Every structure is written in structure tokens, then in C-alpha cells.
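The values are calculated or read from the model by the stated rules, or taken from the named source; none is laboratory data. Everything numeric in this text was worked out from a predicted model, so none of it was measured. For neighbour counting, all protein chains shown are included, and Cβ atoms are generated from backbone atoms with ideal geometry for every residue, glycine included.
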Amino acid sequence: MKKTWHRGVAFFLVSLGSLVGVSSGCAAVTWKQVLHQPKPWYATQAAVSVGEAVLTYQTPSGGWPKNWDMTQPLSDAFRALKESERAPTIDNGGTTTPIRLLARICSAQPKLTSFREAATRGIDYLLESQYDSGGWPQFFPLRKGYYSHITFNDDAMVHVLELLRDVANGGNDFAWVDVKRREHAREAVGRGVACILRCQVVIKGVKTAWCAQHDENTFAPAAARAFEPASLASTESVGILRFLMQQPMPSPAVVAAIEAGIAWLEKVKLTGIRWDRLKAPKLPGGIDAVVVPDAAAPALWARFYDLDSSRPIFIGRDGVIHFNVAEIEHERRIGYAWYVSTPRKLLETDLPAWRKEQGQPGRP
């Protein structure tokens, strides 16, 4: 009994110390952690301090740039950048993360009107940047090059659709959004879903998956960097399929798109191999990335697949397509995720749950 009592006191003191640290702003929160804090944190001064820093990064258009630690106010290094280098974007959570953070803080602290106004401007930015076709470019205002394509890469468009879905429903900290914007968001999500269905690649009459980028006018597969050719993208297809599975009362067209995408992922999964990083003293960095035979290894998927044959493809900075990852240069071989496991959870967990919800639990 005495030992248990001491443990209880110790736990209480540790918990109290943690709360004091958070509420006083002493507990550092990184930018990657800002959307993963316990709910009480968003009512603290520490959260307000981060939110105030985020406000300083918002651009005149209403969006935010990417790849900056926005837990701290604007730095001299940021101010010294060219305008194009700090342009607003949906890539890497550049705009969606700040909006969600500000929404959570102003939901917990309603008197912070400046946060609500900034989040509203961010929502308006997303609504304005949507193409008539229903997709979103990576950057808005538009930038020349592949940035103007419909961007599924790294789930950029999916993150926008998820946020606007929450806005439309008035849920997940968006209860304060006015009715007109909610309706606009609902329409935008509808057009986004229609765009997704238009972009699904058809090979020899069979629907397959999606590319990381699609042409904003024709919906055709589009390339990005030299080592990112127009190709079927497994990871982005997982994000799209998961979003479609979350649609309430999905239409027959949405259900067909999901089933076709799932069938493609099952078809192209790779078994009997591991993707390992091994010591290689004679190579830069002392490591190499190689495919290792392993009959017991769980399934893997290639990052990219050929548009005609659905064969895994691997590309160096020269843009040349190879069917063996060992044939591309060492720098690209170790510097890119050529094999992924992201479809596994979708197939093993999300898919059975979705089929059960749709009344088809026993479907293979």
C-alpha cells in the first residue's frame, strides 16, 4: 500500500510539472508536433505564442510557405529570400497545417479574433486556388513548370480536401466558420472528388491508380522533376483511396474507383524481397540501398510504376527510366523512397472496415 501511494504521488507530481511547463510555455513544441498535442495545450499561452509566430508567415494572398519552423517568428534568413522562395503553397502542409493549428487555438480561445481571421483568409485562399477542373496546383499564385499541375504528390490535394471537408461539416475545430463558407467548401470538395475520378488512369480499358501529378486541363498523367516521370504512384494512390473511403454514402462511381484502385494495388504488390540500407565503406556516406531476397518479408510496393505495363520503375537525375533500382546512381538510390509499405495498412485494416460499412464484409 505504501509503495503504491508513493507511486501515485510521484505520478501526480510529474503530471503537475508537465502541465506547468506546458502552460508557462517552457515545453518546446516543434513544428512537426503542433497538430499532435493534447487538447488542453491549445488553450495555453505556449500555443498562443506559436500561433502568433504563424501569423507572421501568412502571405498577402492568405496562404503560407512550406518547410519553415513557424514556431518562431520570421527570421532574417526568411526575409532575405526571394519572393518565389517563400511563396504560398499546399505542398508539405505549407498552408493546411497553419490553418488547422490556428483553428484549434481559436476554438479553445474564442477571443483570439486575429487567429480566426487569419484561418478564414487561409480557407479563402484554398477556395480561390482551386481550378475549375476541381484540382489544386502546388503553388498559388501559379508558378511556371510542373507546379501548376493538379498535385496529389505527398497528399497535397488530399490534405486540402480533408480540411475543406471538415470546414463544410463544421467539425474538427471549424464550428466557427460561417454558413456561406461552409457551403462553398462543400461544393469545392464535390468538385475535388469529381476531379479525382477523372484523373484515375485507365490502362487497356481497366481503371488503375493515380499519378503524383496530372495535367490541370486534360487530367492526363504529368511529370515533375527529372526522376519523377509521369507514372502510377503507389503512395499518393493510397492517400486518395483512403479519402474516397471516408466519403459518406459514396456514389457507385466512387465505389468503383475504390475497388479498381484496390485491385491495382493487390496486382502490383511485391513479395519475397526487402529494401535494405547496408554498410558500403567504399561509397559516399558509407551506405547503399539494395533489394534483398527474403521469402518471409511483408509485401512492398514500388514508389512508381510504368503507365503501360505497371512494372516498377526507377529513375536517376538524368531522367532515364530503369526497371532495376541498382542501375540508377548511388545518390538517387539512397536519396529517395523507391519502395514503400504504405498500402499495407490500407489493404489490411482500412479496406475491411470500409467494406463492412458498405455491407460487403465477406468480399475477398
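Yes or no: Gly134 in contact (Cβ under 8 Å) with a residue 40 or more places away in the chain and not in a helix (DSSP H, G or I)?
Taking the combined requirement at face value, the residue satisfies it.
Among the residues of region 96-112, which ones are without any contact (Cβ under 8 Å) to a residue 60 or more places away in the chain and touching a helix residue (DSSP H, G or I) at 6+ places or on another chain (Cβ under 8 Å)?
Hits for region 96-112 are Pro98, Leu102.
Given (1) surrounded by 23 or more Cβ atoms within 10 Å (Cβ to Cβ); (2) in contact (Cβ under 8 Å) with a residue 24 or more places away in the chain, where does Arg116 come up short, assuming only one miss?
Against the list (1) surrounded by 23 or more Cβ atoms within 10 Å (Cβ to Cβ); (2) in contact (Cβ under 8 Å) with a residue 24 or more places away in the chain, Arg116 comes up short only on (1).
Every residue, every condition in (1) surrounded by 16 or more Cβ atoms within 10 Å (Cβ to Cβ); (2) assigned to a loop (DSSP other than H, G, I, E, B), yes or no:
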| position | (1), (2) |
| --- | --- |
| Met249 | no, yes |
| Ile258 | yes, no |
| Ile262 | yes, no |
| Arg277 | no, no |
| Ala289 | yes, no |
| Glu348 | no, no |
| Lys356 | no, no |
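Which pairs have Cβ atoms under 6 Å, sit 6 or more apart or on different chains, and link a residue in region 203-230 that is of a type in the set (Ser, Thr, Tyr) to one that is assigned to a loop (DSSP other than H, G, I, E, B)?
Qualifying pairs under 6 Å: Thr208/Val201.
If a residue must be farther than 24 Å from Leu300 by Cα and surrounded by fewer than 17 Cβ atoms within 10 Å (Cβ to Cβ), how many such residues does region 198-219 contain?
Step one: list which residues in region 198-219 are farther than 24 Å from Leu300 by Cα, which gives 198-199, 204-205, 214-219.
Next, from what is left, pick out any that are surrounded by fewer than 17 Cβ atoms within 10 Å (Cβ to Cβ): 198, 204-205, 217-218.
Of the residues in that region, 5 qualify.
Kindly check whether there is at least one residue in region 265-275 that is in contact (Cβ under 8 Å) with a residue 40 or more places away in the chain, within 20 Å of Lys356 (Cα to Cα) and not polar (S, T, N, Q).
yes
Residues that are in contact (Cβ under 8 Å) with a residue 60 or more places away in the chain and more than 23 Å from the chain's Cα centre (by Cα): does region 61-84 have at least one?
No.
Since Leu241 meets every condition but one in (1) surrounded by fewer than 21 Cβ atoms within 10 Å (Cβ to Cβ); (2) in contact with a Gly (Cβ under 7 Å, 6 or more places away or on another chain); (3) of a type outside the set (Val, Ile, Thr), which condition does it not meet?
That leaves (1) as the condition not met.
Each row is one residue, and each column tells you yes or no for (1) at pLDDT 95 or above; (2) more than 23 Å from Pro248 (Cβ to Cβ); (3) in contact with a strand residue (DSSP E or B) (Cβ under 6 Å, 6 or more places away or on another chain); (4) of a type in the set (S, T, N, Q).
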residue	(1), (2), (3), (4)
Ser114	yes, yes, no, yes
Tyr125	yes, yes, no, no
Leu142	yes, yes, no, no
Ser148	yes, yes, no, yes
Phe152	yes, no, no, no
Leu164	yes, no, no, no
Phe174	yes, no, no, no
His184	yes, no, no, no
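Which of (1) surrounded by fewer than 16 Cβ atoms within 10 Å (Cβ to Cβ); (2) assigned to a strand (DSSP E or B); (3) among the hydrophobic types (A, V, I, L, M, F, W, C) does Ala295 not meet, given it meets every other one?
Going through (1) surrounded by fewer than 16 Cβ atoms within 10 Å (Cβ to Cβ); (2) assigned to a strand (DSSP E or B); (3) among the hydrophobic types (A, V, I, L, M, F, W, C) one by one, Ala295 breaks only (2).
State yes or no: is Ala233 surrounded by 13 or more Cβ atoms within 10 Å (Cβ to Cβ), small (Gly, Ala, Ser), free of Cβ contacts under 8 Å to residues at least 40 places away in the same chain and closer than 18 Å to Trp338 by Cα?
Taking the combined requirement at face value, the residue does not satisfy it.
Are any of the residues in region 328-346 over 25 Å from the mean Cα position of the chain (by Cα), part of a loop (DSSP other than H, G, I, E, B), among the small types (Gly, Ala, Ser) and farther than 19 Å from Arg242 by Cβ?
no
Among the residues of region 262-275, are any of a type in the set (Phe, Trp, Tyr) and touching a Ser or Thr at 6+ places or on another chain (Cβ under 8 Å)?
Here is the first cut: in region 262-275, the residues of a type in the set (Phe, Trp, Tyr) are 264, 275.
Going one step further and asking which of them are touching a Ser or Thr at 6+ places or on another chain (Cβ under 8 Å), we end up with 264.
Yes - at least one qualifying residue is present in region 262-275.
Kindly evaluate Gln37 against the criterion of being surrounded by fewer than 18 Cβ atoms within 10 Å (Cβ to Cβ), free of Cβ contacts under 8 Å to residues at least 40 places away in the same chain, in contact with a helix residue (DSSP H, G or I) (Cβ under 8 Å, 6 or more places away or on another chain) and not aromatic (Phe, Trp, Tyr). Outline the logic, then answer.
Working: surrounded by fewer than 18 Cβ atoms within 10 Å (Cβ to Cβ): no; free of Cβ contacts under 8 Å to residues at least 40 places away in the same chain: yes; in contact with a helix residue (DSSP H, G or I) (Cβ under 8 Å, 6 or more places away or on another chain): yes; not aromatic (Phe, Trp, Tyr): yes.
For Gln37, the condition - surrounded by fewer than 18 Cβ atoms within 10 Å (Cβ to Cβ), free of Cβ contacts under 8 Å to residues at least 40 places away in the same chain, in contact with a helix residue (DSSP H, G or I) (Cβ under 8 Å, 6 or more places away or on another chain) and not aromatic (Phe, Trp, Tyr) - is not met.
Select from region 176-196 the residues that are outside any helix (DSSP H, G or I) and free of Cβ contacts under 8 Å to residues at least 40 places away in the same chain and list them in ascending order.
The one that is outside any helix (DSSP H, G or I) and free of Cβ contacts under 8 Å to residues at least 40 places away in the same chain: Asp178.
Return the only residue of Ala118, Ala77, Ala46, Ala53 being within 20 Å of Leu163 (Cα to Cα) and in a helix (DSSP H, G or I). Full working, then the answer.
On the way: Ala77 fails: within 20 Å of Leu163 (Cα to Cα); Ala46 fails: within 20 Å of Leu163 (Cα to Cα); Ala53 fails: within 20 Å of Leu163 (Cα to Cα).
On inspection, the qualifying residue turns out to be Ala118.
Out of the residues in region 18-32 that are surrounded by 12 or more Cβ atoms within 10 Å (Cβ to Cβ) and either part of a helix (DSSP H, G or I) or of a type outside the set (A, V, I, L, M) (or both), which is modelled with the highest pLDDT?
First pass over region 18-32, keeping only residues surrounded by 12 or more Cβ atoms within 10 Å (Cβ to Cβ): 18-19, 21-23, 25, 27, 29, 31.
Going one step further and asking which of them are either part of a helix (DSSP H, G or I) or of a type outside the set (A, V, I, L, M) (or both), we end up with 18-19, 21-23, 25, 31.
Working: Ser18: 37, Leu19: 38, Gly21: 38, Val22: 39, Ser23: 38, Gly25: 40, Trp31: 96.
Per the stated criteria, the residue is Trp31.
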